[in-house]
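Notes follow the structure.
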Amino acid sequence: MSITVPPIKCQGIKTKLLPAIRPIVPEHIEGRWIEPFCGSGVVAFNLLPERAILADTNRHIIALYQAIQAGRITPGSVQEFLRAEGAALKEKGEAHYYAVRERFNAQKDSLDFLFLNRSCFNGVMRFNRKGGFNTPFCRKPERFQPAYVTKIVNQVRSVAQIVSRYDWVFRVSDFRETLAEAKTGDFVYADPPYAGRHTDYFNGWTSEDEEVFIRQLKGLPCTFLLSTWQENTFRRNPAIDSYLCEPGLVRHTVEHFYHVGSQEELRHAMTEALITNSDRVSSLQPPLRPNQFALEMV
Ligand SMILES: C[S@@+](CC[C@H](N)C(=O)[O-])C[C@H]1O[C@@H](n2cnc3c(N)ncnc32)[C@H](O)[C@@H]1O
């Protein structure tokens, strides 16, 4: 399966889960694809719904995709920018990374955001309490080699082609507002932050958020698919056995290994749960990879 890789990397990116997500999503969605926590957008970029609302509270991700959609940022402008900034990084070293970080925190330019996202330490996008990007440098002054720039430019090109073809809206909004819009016939794919993991300014997730979210999700007038964590070596998500275990919900589990993360704990294998209220799953083929992909009726 060929995968469209987005130009932005973010914690909890679902690239590796696409083979498990794809068979659960209906082939035809009558209404809109609604994604209240779109992050990098990798799921929509690969499932390609005709109409979509792609929302997130991280305004920098949304601004980048809006700029690509509007043609303000193009593969050409990205290439020119990364070549110039990459050359400055090579010449000045980490001082240049921190200068771009300061400039981004003052001006919030989308190209600076892309540069930081692709040269920060461990690929972890982290924001402080005031919303300032504060991830340190990856310490590779030669980061933006021609092949790396070309790779990012091609990722921007793929996104530009996709967003010009479909009726998609990118917007900054809280999940409460996005989910409130869902109607019969829409399909919601929800991948909220994991409580207690990857917490920062954009990914803070309180027990109140979780409670409101689960209530809204279960009250949706349409089909949904929820991505959440089930367990790792250290703990199990308590929501799985409390709110997310009831007749009418089907849970798939997938072993997943995160490569983006700063702490040792975040780099261990994680069992992810894909929970849906779709009756389509009853007609699904048996799991594709039995060792990695289990289906459980709850
Ligand atoms: C697990 S990530 C989504 C990853 C995405 N599915 C991907 O594959 O790239 C969770 C996202 O939720 C966003 N977020 C956090 N709190 C939010 C809120 N209250 N409303 C909407 N989005 C929120 C974060 O900015 C982050 O991008």
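Summary table below
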{"quantity": "Helical contribution to [θ] at 222 nm, DSSP H n ≥ 4, -39,500 (n - 2.57), averaged over the chain, rounded to 500", "calculated": "-10500 deg cm²/dmol"}
{"quantity": "Local electrostatic count at K183 - Lys and Arg +1, Asp and Glu -1, tallied over other residues with Cβ under 14 Å", "calculated": "-1"}
{"quantity": "Accessible-area composition of the stretch 73-161, carbon plus sulfur, in percent [1.4 Å probe]", "calculated": "48 percent"}
{"quantity": "Cα-based shape type of the stretch 95-155, given that a ≥ b ≥ c are square roots of the gyration tensor eigenvalues and the cut on a/c is 1.5", "calculated": "prolate"}
{"quantity": "Listed residue pairs exceeding 30 Å between alpha carbons, taken from K16/K92; K9/K90; K92/K151; K14/K151; K130/K183", "calculated": "K16/K92; K130/K183"}
{"quantity": "Evaluated over the stretch 81-213, the Cα radius of gyration and Dmax, each in Å", "calculated": "17.8, 56"}
{"quantity": "Shape metrics for the chain, restricted to C-alpha atoms - Rg then Dmax, Å", "calculated": "19.3, 61"}
{"quantity": "Environment charge at S164 (Cβ cut-off 15 Å; Lys +1, Arg +1, Asp -1, Glu -1)", "calculated": "+2"}
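The values are calculated or read from the model by the stated rules, or taken from the named source; none is laboratory data. Model, not experiment: these values are computed from the prediction. Neighbour counts are summed over all protein chains in view; Cβ atoms, including those assigned to glycine, are modelled from backbone coordinates with ideal geometry. Areas reflect the complete protein model, heavy atoms only, side chains present, ligands, DNA and RNA absent. Shrake-Rupley method; radii C 1.70, N 1.55, O 1.52, S 1.80 Å.
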